[in-house]
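Every number here is computed from the coordinates shown, using simple stated rules; none is lab data. Since we're looking at a predicted model, the values are computed, not measured. Ideal geometry is used to build each Cβ from the backbone, glycine not excepted, and the neighbour counts take in all protein chains shown.
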Amino acid sequence: MFDILFRNICVVNPDTACPVQKDVFVGVKDGKIAYIDKLEPQEGSKRVINGANTALIPGLINTHTHAAMSILRGYADDHNLQDWLHNYVFPAEAKFDESCVYTGTQLAIAEMIRTGTVSITDMYMYIPAVAKAAYETGIYANITNAALVFDREGYRMEKDNSYIQMEILRRDWHNTDNGRIKLDSGIHAEYTSFERVWQDFAGYAKQYDLNMQLHLSETKFEHDSCVSKYGKTPARVLCDAGVFDTRTTAAHCVWLTDEDMDILREKGVTVAHNPVSNLKLASGVARVSDMLSRGVNVALGTDGVCSNNSHDMFEEMKLCALLQKGTTLDPKQVNACQALSLATVSGAYAQGREGSLGLIKVGYDASMAMIDLDVPQLTPVHNPLSTIVYSASGRDVCMTMVRGKVLYENGEFTTIDMEKIKSQLYGYVMPKVFGVTK
Ligand SMILES: [Zn+2]
């Protein structure tokens, strides 16, 4: 007996051999995809969903975000990264407490689930609150409290708050719910710490077999300053410190050299490409086509919404494809199938979840998004893959499911109380951080 059976649905996978399967039956059982076929299964189902005029895609994977920054949505637009960070973001974030982070993360996850995202790679502070929010909402999350250390004098890892927070997460949350919640090690970036910190946090990742997260060569200023300071690029200097020795996700990578790309490919580092954030902060356009042709694993992310200002992964897919076409003058660069692959399969590898996430395939987790194609903005459908990448937005998602559990369907969340989140946001967070009430 299936828990859910989709009938006559269109399955869209980032599979170059067979990306679109029309009019199929998809059976979900015990959280897994148990059946995909044109033929109606003999087995019954507790719930049957009519898939006419809809499509199923693998749940999207956001490989770089700072979820709780949802509180800062629209707070600091039209600045460059250094100005934005030091004069707006850091002062506001200094007022955050654990409760703000919990509420902000819940709000972000609500938006993510609403727009078809099932898994996130998150970098923030007060991470036990991030883990709690992720656990309760049902999303998968790889979470780090990346090291950010400016003071070299007497630095000791054991006293570093990032390390202390990671240890709490490792003890209380790591691998909770069969690995749905994971701790990653992390450093914020080359320019916000130094070699001793890189070695310590890389060593910590190796000791407990954790993934690493970091920001890498986001701006020209950062990249060039590193070369003047160390005589090496950020990728080279961090590689030499052992930072890429466990599975690593490096966000941005806008200013990589060809040699840097070779380092990332050799070390199996995933580039989390954040096209909206990179454009909004005027950081530049990452050379994704070059990375892909060199064999680098590239995935997609939104970054925090203070530099985006949404968590809609459909925007990232479309913009990624368009930017590569526009900058290479070659319309064949990053086609629709590749764009969906970056948002799913590549993200699953980045998080260490390949084999269970990223495809709609028998034996994989039933973590999928259903898209309503019967709307004016998606009509007519010549090719569902094209419709999904180039015409759809997250608002066209009508159902999001993780491990067979429906988390969002037709306007309703099953694990999230939006009224409660809003009351906490306007009653506590906004007065605390901005001194304003609604
Ligand atoms: Zn970031």
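State, as an integer percentage, the relative contact order of segment 60-351 based on alpha-carbon contacts under 8 Å between residues 6 or more apart. Please report the intermediate quantities before stating the final value.
Values: 587 pairs, mean separation 59.4, N = 292.
Relative contact order, segment 60-351: 20 percent.
Given only helices, namely DSSP H runs of n ≥ 4 each adding -39500 (n - 2.57), what is the per-residue ellipticity at 222 nm of the chain, to the nearest 500 deg cm²/dmol?
Computed mean residue ellipticity for the chain: -9500 deg cm²/dmol.
Loop only by DSSP, 10 or fewer other Cβ within 10 Å of the Cβ. Give me the trypsin sites (Lys or Arg not before Pro) in segment 1-102 that pass, ordered by residue number. Before the final figure, lay out the partial values.
On the way: sites: Arg7, Lys22, Lys29, Lys32, Lys38, Lys46, Arg47, Arg73, Lys95; in loops: Lys38, Arg73, Lys95.
The qualifying sites are Lys38.
What is the packing order of peptides 226-239, 360-373, taking the mean over residues of other C-beta atoms within 10 Å and listing the highest first?
360-373, 226-239
Expressed in nm to one decimal, what extension gain is obtained for the pair Asp290 and Lys220 from 0.36 nm per residue of sequence separation less their Cα-Cα distance?
Details: separation 70, 0.36 × 70 = 25.20 nm, distance 1.79 nm.
Net length gain for the segment: 23.4 nm.
According to a simple spin-label model (label point 7 Å from Cα along Cα-to-Cβ), what is the distance in nm between His382 and Glu153?
6.7
Counting other Cβ atoms within 10 Å of each Cβ, which trypsin sites (Lys or Arg not before Pro) in segment 125-188 have at most 15 and sit in a DSSP loop?
Working: sites: Lys132, Arg152, Arg156, Lys159, Arg170, Arg171, Arg180, Lys182; in loops: Arg152, Arg156, Arg180.
Qualifying residues, ordered by number: Arg152, Arg156.
I'd like to compare 294-306, 80-92: which one has the highest average count of other Cβ atoms within 10 Å, and what's the full order after that? Walk me through the numbers on the way to the answer.
Details: 294-306: 24.8, 80-92: 14.8.
Going from most to least packed, we get 294-306, 80-92.
What does the charge add up to near Pro91, with Lys and Arg as +1, Asp and Glu as -1, over the other residues with Cβ less than 14 Å from its Cβ? The partial results should precede the final answer.
Working: positive: Lys95, Lys432; negative: Asp83, Glu93.
Local charge sum for Pro91: 0.
Quick one: Cα centre-to-centre distance for segment 329-383 and segment 237-253, in angstrom?
26
Distances longer than 30 Å among the Cα atoms of the chain: what percent of all pairs is that?
Details: 38544 of 95703 pairs.
Percent of Cα pairs beyond 30 Å in the chain: 40.
Near Lys325, which aspartates and glutamates are there with a Cα under 16 Å away, not counting those fewer than 8 places off in the same chain?
Asp290, Glu315, Glu316
Select from Gly231, Leu264, Leu210 the residue farthest towards the positive end of the dipole of segment 166-287; place +1 on Cβ of Lys and Arg, -1 on Cβ of Asp and Glu, and compute about the Cα centre.
Working it through, the farthest residue towards the positive pole turns out to be Leu210.
Place +1 on the Cβ of every Lys and Arg and -1 on the Cβ of every Asp and Glu in segment 40-90, take the dipole about the Cα centre, and give the residue among Thr65, Thr54, Val89 whose Cα lies farthest towards its positive end.
The one lying farthest along the dipole's positive direction is Thr54.
Nearest 20 debye, what's the magnitude of the dipole of segment 60-351 about its Cα centre given +1 on Lys and Arg Cβ and -1 on Asp and Glu Cβ? Can you show the working numbers first?
Details: 26 positive and 37 negative charges, 93 e Å.
Value, rounded to 20: 440 debye.
If you stretched the chain out fully between Asn80 and Gln42, how much longer would it get, using 0.36 nm times the residue separation minus the C-alpha to C-alpha distance?
Details: separation 38, 0.36 × 38 = 13.68 nm, distance 5.90 nm.
So the chain would gain 7.8 nm between Asn80 and Gln42.
Give me the extension gain from Asn8 to Asp417: residue separation times 0.36 nm, minus the current Cα-Cα distance, reported in nm with one decimal. Before the final figure, lay out the partial values.
Details: separation 409, 0.36 × 409 = 147.24 nm, distance 3.20 nm.
The span from Asn8 to Asp417 would gain 144.0 nm if fully extended.
Lysines within cross-link reach of Lys280: Cα-Cα under 18 Å, excluding same-chain residues under 8 positions apart?
Counting by Cα, and skipping residues close in sequence, Lys280 has these lysines nearby: Lys220, Lys318.
Restricting attention to segment 130-171, which chymotrypsin sites (Phe, Trp or Tyr not before Pro) occupy a DSSP loop and are surrounded by at most 16 other Cβ atoms within 10 Å? Don't skip to the answer; put the middle values down first.
Details: sites: Tyr135, Tyr140, Phe150, Tyr155, Tyr163; in loops: Phe150, Tyr155.
Those satisfying the criteria are Phe150, Tyr155.
Per 10 Å bin from zero, what fraction in whole % of the C-alpha pairs of segment 265-420 is there, up to the bin with the longest pair?
Final binned percentages: 10, 34, 39, 15, 2.
Could you tell me which of the pairs Lys159/Lys229; Lys361/Lys405; Lys159/Lys182 are separated by over 21 angstrom between their Cα atoms in the structure shown? Mind dumping the intermediate values first?
Numbers: Lys159/Lys229 27 Å; Lys361/Lys405 17 Å; Lys159/Lys182 23 Å.
The answer is Lys159/Lys229; Lys159/Lys182.
Name the aspartates and glutamates eligible as straight-distance cross-link partners of Lys22: C-alpha to C-alpha under 16 Å, and not fewer than 8 places from it in the same chain.
Result set, ordered by chain and number: Asp37, Glu40, Asp372, Asp374.
Note down the nm distance, to one decimal, between modelled labels 7 Å out along Cα→Cβ at Leu322 and at Glu266.
Each label point is offset 7 Å from its Cα along the Cβ direction, giving 3.8 nm.
Taking a virtual spin label 7 Å from the Cα of Asn87 along the C-beta vector, which residues in segment 262-288 bring their backbone nitrogen under 17 Å of it?
Backbone N within reach: 281-283.
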